[in-house]
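These notes are about the structure you will find just below.
The values are calculated or read from the model by the stated rules, or taken from the named source; none is laboratory data. Treat the numbers as computed from the prediction; the structure is a model and nothing was measured. Virtual Cβ from ideal backbone geometry, glycine too; neighbours counted across all protein chains shown.
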Amino acid sequence: MGVTVIEAIGHGRERGVTHEYRGRTFESRFLPKALLTFVVEDALAERVVAAVADAGRTGHSSGDGMCWGSTVSNVVHHRTGKRLG
């Protein structure tokens, strides 16, 4: 198992926010985001997707992000050259 967290910027349906500074209005199209990548055994995948989706749900109409699963194959450990999985 493992996880990678990447700080990112972007927007979805929320389209950014408007800021006011010293009487001027600025639009920020991109908002701070986090991209989480979990690598888990097949037996745990559904539970991990459900847990991440539940933890990320805010109840707002947009901005909660998405969670999905995909297959990881042909994994080789760089240091040892050992094939995993």
- LYS33 passes all but one of (1) surrounded by 10 or more Cβ atoms within 10 Å (Cβ to Cβ); (2) charged (D, E, K, R); (3) outside any strand (DSSP E or B); which number fails? (3)
- When SER61 is evaluated against the numbered criteria (1) of a type in the set (Ser, Thr, Tyr); (2) loosely packed, with under 10 Cβ neighbours inside 10 Å; (3) part of a strand (DSSP E or B), which criterion, by number, is the only one it fails? (3)
- Message: Go through the stretch 16-30 and report how many residues are among the charged types (D, E, K, R) and outside any strand (DSSP E or B).
- Response: 2
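Check whether at least one residue in the stretch 65-75 is touching a Gly at 6+ places or on another chain (Cβ under 6 Å), surrounded by 11 or more Cβ atoms within 10 Å (Cβ to Cβ) and farther than 18 Å from MET1 by Cβ, and report yes or no.
yes
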- Note on the structure: Within the stretch 1-40, restricting to residues that are polar (S, T, N, Q) and over 17 Å from the mean Cα position of the chain (by Cα), the one that is nearest to TRP68 (Cα to Cα) is SER28
- In the stretch 1-15, which residues are in a strand (DSSP E or B) and either of a type in the set (Val, Ile, Thr) or modelled with pLDDT under 80 (or both)? GLY2, VAL3, THR4, VAL5, ILE6, ILE9
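Are any residues in the stretch 66-85 assigned to a loop (DSSP other than H, G, I, E, B) and not small (Gly, Ala, Ser), and if so, which ones?
Within the stretch 66-85, the first condition is being assigned to a loop (DSSP other than H, G, I, E, B), and the residues that meet it are 66-74, 77-82, 85.
Hits for the stretch 66-85 are MET66, CYS67, TRP68, THR71, VAL72, ASN74, HIS77, HIS78, ARG79, THR80, LYS82.
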- Message: I'm checking my understanding of the structure. Among residues of the stretch 32-60 that are in contact (Cβ under 8 Å) with a residue 12 or more places away in the chain and small (Gly, Ala, Ser), which one is nearest to ILE6 (Cα to Cα)?
- Response: ALA34
- Message: Please determine whether any residue of the stretch 41-53 is under 18 Å from the mean Cα position of the chain (by Cα), at pLDDT 85 or above and among the charged types (D, E, K, R).
- Response: yes
- Note on PHE38: of the conditions (1) outside any loop (DSSP other than H, G, I, E, B); (2) touching a Lys or Arg at 6+ places or on another chain (Cβ under 7 Å); (3) not β-branched (Val, Ile, Thr), unmet is (2)
